[in-house]
Every structure is written in structure tokens, then in C-alpha cells.
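Peer 1: Please see the structure below; I have some questions.
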Amino acid sequence: EELVRRSVAQFRLELFSSQASHSAKARFIGKYETITGDFRKGVDIIEKINLVNKDKIVEVAKSYLRKANRSLVFGVSKK
């Protein structure tokens, strides 16, 4: 839980720090308006990050980190 709490705090700090100038705020709004069609989705991320907890991380990991979803790459040395 402590690692999750620190990670969320770090993410929030980086997000807010990156919005220090007016042009950065405009880029943030433009990015989410372009990608999602609604700049408020970018603001929603700030609220949703507060919902992250250990149980949610485990749930998502189990959903995506499965054998059926893995890719294996084998390399052969030229030596």
C-alpha cells in the first residue's frame, strides 16, 4: 500500500508540475480534446488516479498479464 501511495503521489506531482505555464495547460487541454474529443477526460485522470489501490492493480494485472497475452522473442547470437 505504501508503494502505491507513493507512486500515486509521484504521478500527481509530475502531472501538476507539468502544468506550470499557460502554454502547458493549453497543450494538456488540446491533447485530451484531440485524443478523446473532450478535454475534461484529462481532468478526470486526476480524479481517477485517487482511486488506484493495491487491489485494483492486482485486478488489472490479472486481467492483462496472462499466458494468452504474452509474446516470446528468441534471439540467436551470430557467434
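Peer 1: Please compute the per residue accessible area over the chain with all protein chains in place, 1.4 Å probe, rounded to a whole number of Å². Could you put the intermediate results ahead of the total?
Peer 2: Details: 7070 Å² over 79 residues.
I get 90 Å² per residue for this part.
Peer 1: Still on this structure: Mind counting lysine pairs for me in the chain? Cα separation below 17 Å, and the two need to be 8 or more apart along the chain or on different chains.
Peer 2: So the count works out to 4.
Peer 1: Another one. If you rank Glu2, Glu47 by how much accessible surface each has, with a 1.4 Å probe, what is the order from largest down?
Peer 2: So the residues, ranked largest to smallest area, are Glu47, Glu2.
Peer 1: Once you keep just the Cα pairs under 8 angstrom separated by 6 or more residues, what percentage relative contact order results for the chain?
Peer 2: 30 percent
Peer 1: Grab the DSSP H runs of the chain that are 4 residues or longer, score each as -39,500 (n - 2.57), total them, divide by all residues and round the 222 nm result to the nearest 500 deg cm²/dmol.
Peer 2: The helix-only estimate for the chain comes to -21000 deg cm²/dmol at 222 nm.
Peer 1: Further, regarding this structure: Quick one: helix 2-17 against the long Cα principal axis of the chain, what's the angle to the nearest 10°, folded into 0 to 90?
Peer 2: The angle comes out near 50 degrees.
Peer 1: Work from the charge dipole of the chain (Cβ charges, +1 for Lys and Arg, -1 for Asp and Glu, about the Cα centre) and give the residue of Ala24, Phe74, Val60 farthest towards its positive end.
Peer 2: Toward the positive end, the furthest listed residue is Phe74.
The values are calculated or read from the model by the stated rules, or taken from the named source; none is laboratory data. Predicted model only: the values in this text are computed from it and were never measured. For neighbour counting, all protein chains shown are included, and Cβ atoms are generated from backbone atoms with ideal geometry for every residue, glycine included. SASA here: full protein model, heavy atoms, side chains in, ligands and nucleic acids out. Shrake-Rupley method; radii C 1.70, N 1.55, O 1.52, S 1.80 Å.
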